[in-house]
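Before any comments, here is the structure.
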Amino acid sequence: MQNQDGVQVDGEVESATSVPTPEFDEWANFGDQDIMQQHSAIRAEEAEKIPFLGDKEPLSSLAAEYQSGSAILLEKIKVLGEQYAAIRRTRGDGNCFFRSFMFSYLEHILESQDQSEVDRIKANVEQCRKTLQSLGYADFTFEDFFALFLEQLDSVLQGNEASISHDELILRSRDQSVSDYVVMFFRFVTSGEIRKRAEFFEPFILGLTNATVEQFCKSSVEPMGEESDHVHITALSDALGVPIRVVYLDRSSCDTGGVSVNHHDFVPAGSDLPNASGCSEKVSPFITLLYRPGHYDILYPK
Amino acid sequence: MAEDKYNLKNPAVKRILQEVKEMQSNPSDDFMSLPLEENIFDWQFAIRGPSETEFEGGIYHGRIQLPAEYPFKPPSFMLLTPNGRFETQTKICLSISNHHPEHWQPSWSVRTALVALIAFMPTNPNGALGSVEYKKEERRSLAIKSRAAAPRYGTVERQKLIDEIHECMLSKVPPVPQLSPSQDSKEHPSNREGEVQVSSQHDGATPAGEAAAEGSPNPAVGDRIVEEVQEAPLNGNPGPEVARTLNAAPSGGSSQLLQRPEMKVQKPADDRLFTWAAVGLTIAIMVLLFKKFMKSSGHGAVFMDGS
């Protein structure tokens, strides 16, 4: 809240790195390549509409979206307004959950300067690294992604030469070379957690896709652009030890008359948060995401 | 290496350099791959034809191009050595073609892709893009031919690299097992490994690969390969061990196959019969489709006139 987000920040922060582009055109015979280009063209078109991470908007902008739409939704948004002040949209490219989580988490650290939380998550990240190694992933396939996340983590803590401002965090979150790498980091962590606790996740995965745990990780977790479900959220929350609240905005209504908005808290299993030990009472999540079928955005409580 | 030429901050460059290093510290007998000195996004490779198949003893060269967005986007592969399984100088995309049901993912690498490529050689192409289906004898003779000389391709610089890789592979890959020893190629490798020799002694002509391919559909093969690759590092880092694991991958199932020698007796006449049947069917379907098309376009014309 303390920083104004309206500062001129456009998508022009695209990777400023120069890479010698291999000459792809010299091969006349296409096929798969064609299909892939078409895919990415569609994605790019879709992406133009919204940056990876939008500006903070008052909740009224959400209501405006449904002005001529469902009365139930408008009613629910009104209820939401009692608890939440603002929304920050993310791009709907299948990575929205991870991008929302990334920004929300880093913003929380930036604002709270919670050193002990940083230490705690770093220990979890170390654990995730070991998990991947023990699952047989070659180090070089994931270490860049890990390094980049840890770098962001250090830079949101103030007082060192790498420290960044809130505006810079927004810029980075809109920079593909940062955002995609962090998303991929989360995908590795999620996949590692699911594989490590395959027996636990298996029934959920079977219920979702009728795939094996292995197949699910390979086809729905690790590839970029694959949407997240409660299985992903549970796994990420468990692996990193970060509780997540998801507020559901859909057309479902309760017959009892009063409209209410459902939410679900994903609380890390075996949570070793020092304050949570002993009492399994409320661990109140500092990350709140708004779920509308097929998409996640960030919600800001009042 | 031309490391200083590249922006090491660039994540793709960083990753690729790591892969080069990894490739050099864990060499395999089954493949070899190196980037061009002037462009690390452009690699040359050679793979060894999987043993117990008609590709055994073959050395197949190819080119890999890594996209600027690597590892988020898949590398593209093409073969340069005529092999009877993949077209040459045509991109084969391992991630989204029939070859692979799953999408490419950043946890894969050039190594993973090469191992998969080797494993795909004896599988049935099922009409996949960039694939060809030659007869076994032709493939076998291409395998023998492949050893004689490396393909000519690209700049002098690239050719040097190709030749270098070829020399190195010749020393690793024992020649094609022959029924008639007279045809045995002249460059007998000096350092044959015992285990390899055992496997190549079994029989002169093994349709084992084909039998395996017929038994298992492509997705399964893909799955197995990827799993095996990911398990490989489990064995710890030492090179030889990893190499042996990879070595075993493409020839998996050879033991059961040896117990079924009758599989070997495959009549080429059968093949021809099926081919003609397939051609006949295709023609029949085309005729039907054409008829239907004529019919529907006739209707379409009527509607058009009406409005």
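Looking at segment B:3-47 only, could you name the residues that are over 24 Å from the mean Cα position of the chain (by Cα) and either aliphatic (A, V, I, L, M) or within 24 Å of B:SER171 (Cα to Cα) (or both)?
Selection gives B:LEU8, B:ALA12, B:VAL13, B:GLU37.
I need a count of the residues in segment B:10-57 that are more than 13 Å from B:ARG158 (Cα to Cα), touching an Asp or Glu at 6+ places or on another chain (Cβ under 7 Å) and assigned to a strand (DSSP E or B).
Total satisfying the criteria: 2.
Taking B:LYS73, is it more than 27 Å from B:VAL156 (Cβ to Cβ), assigned to a loop (DSSP other than H, G, I, E, B) and within 12 Å of chain A (Cβ to nearest Cβ)?
Considered against the rule, which asks whether it is more than 27 Å from B:VAL156 (Cβ to Cβ), assigned to a loop (DSSP other than H, G, I, E, B) and within 12 Å of chain A (Cβ to nearest Cβ), B:LYS73 comes out as yes.
I'd like the full set of residues that are out of contact with any Lys or Arg (no Cβ under 7 Å at 6 or more places or on another chain) and under 15 Å from A:TYR296 (Cβ atoms), limited to segment A:81-90.
Hits for segment A:81-90 are A:ILE87, A:ARG89.
Kindly indicate whether B:ALA68 is touching a Pro at 6+ places or on another chain (Cβ under 8 Å), at the interface with chain A (Cβ under 10 Å from one of its Cβ atoms) and buried (at least 21 other Cβ atoms within 10 Å of the Cβ).
Answer is no for this residue.
Hey, can you tell me all the residues within segment A:194-205 that are assigned to a helix (DSSP H, G or I) and farther than 20 Å from A:CYS96 by Cα?
Passing the criteria: A:ARG195, A:LYS196, A:ALA198, A:GLU199, A:PHE200, A:PHE201, A:GLU202, A:PRO203, A:PHE204, A:ILE205.
Each reported figure results from applying straightforward, stated rules to the coordinates on display, with no laboratory input. Because the structure is predicted, anything quoted here is derived from the model rather than measured. Because the Cβ atoms are built from the backbone with ideal geometry, glycine has one as well, and the counts that use them run over all protein chains shown.
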